[in-house]
1. Among the DSSP beta bridges whose two residues both lie in segment 40-190, what percent are antiparallel, rounded to the nearest 5?
2. I need the phi-derived Karplus couplings for segment 96-109: 6.51 cos²θ - 1.76 cosθ + 1.60, θ = phi - 60°, integer Hz, Gly and Pro marked x.
3. Any chance you could tell me what percent of the C-alpha pair distances in segment 20-152 go past 26 Å?
4. Which part of segment 196-226 falls in the paramagnetic zone of residue 106, meaning amide N under 13 Å from the point 7 Å along Cα-to-beta-carbon?
5. Taking the Cβ of each residue in 135, 96 as the centre, tally the other Cβ atoms inside 10 Å and list the residues starting with the fewest.
6. Any chance you could get the radius of gyration and Dmax over the Cα atoms of the chain, in Å?
7. For the peptides 67-77, 99-109, what is the packing order when you average, over each peptide's residues, the other Cβ atoms within 10 Å and list the highest mean first?
8. With runs of 4+ DSSP H residues as the only contributors, calculate the mean residue ellipticity of the chain at 222 nm using -39,500 (n - 2.57) per run, divided by the residue total and rounded to the nearest 500.
Amino acid sequence: MSDLFPAAPVARIPLADGSGQFPVRRVYCVGRNFADHAREMGAAAPASATERGQPVFFMKPADAITIGGSVPYPPATHELHHEVELVVALGKDAPTGVLAREAASALVFGFAVGLDLTRRDLQAAAKAQGLPWDTGKSFDHCAPVGAMRRKQELPALDTLQISLHINGQIRQHGHLADLIWDVADILVELSRLYALKAGDLIFMGTPAGVAALQPGDHWQAAISDSNGQVWLQSHGRICR
Ligand code: MN
């Protein structure tokens, strides 16, 4: 039998070197993965790795991936927040079962930097009632990302910094070494819940400094080293 209408195309993220594009399957996100951001959201931050409990996961629709450029201000909110995040891209299907750290790391194809755009007013209202966050976190164009690089092109992640400038002013900054759960940790935990596959993305959580965006704002997200060399970037504008 033939399709009743053309299947929607999958989102694709270009490689920075122009050698190909990454077709997106699923988008997993981690909440509260930097202690300073957990505290600013009113949550308790773990005092040590042994007290960190379980990571908070949620998902975004794969067709919400937007490649920089222009992002329309979403409907039904007066509080669109930016959360700058490391984005992990998987290039292989996971074997069945719970992954070991080494097997988890072997799934990683590369990295990008992106924004976990959030309708904070809707998320806060849902949280206050103990309801799911979906309308706050999952909406059209809620996941802009920049070009991807293969993991072997990048320095060790724990030497890198993540930052977000809005209209040229610094809003968020953090060190990837300060992630509560690192990339292997998160993939191990996800493997307890889902069959990870090539094409999956993981937004790794944001450092402190989340705040509102307005129509017309220009964002510049970067992952850079201590010498200021930018390894991953994304930029674009919020439009009406
Ligand atoms: Mn986030």
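Every number here is computed from the coordinates shown, using simple stated rules; none is lab data. For clarity, every value in this text was computed on a predicted model and none was experimentally measured. Cβ sites come from the backbone with ideal geometry, for glycine too, and all protein chains shown count toward neighbours.
1. Values: 18 of 21 bridges.
That works out to approximately 85 percent antiparallel.
2. 5, x, 6, 6, 7, 4, 5, 5, 5, 4, 5, 6, 6, 8
3. Taking all Cα-Cα pairs of segment 20-152, the fraction more than 26 Å apart is 30 percent.
4. Correct set: none at all.
5. Values: 135 15, 96 8.
Exposure proxy ranking, most exposed first: 96, 135.
6. 17.2, 57
7. Highest-to-lowest ranking by the protection proxy: 99-109, 67-77.
8. -3500 deg cm²/dmol
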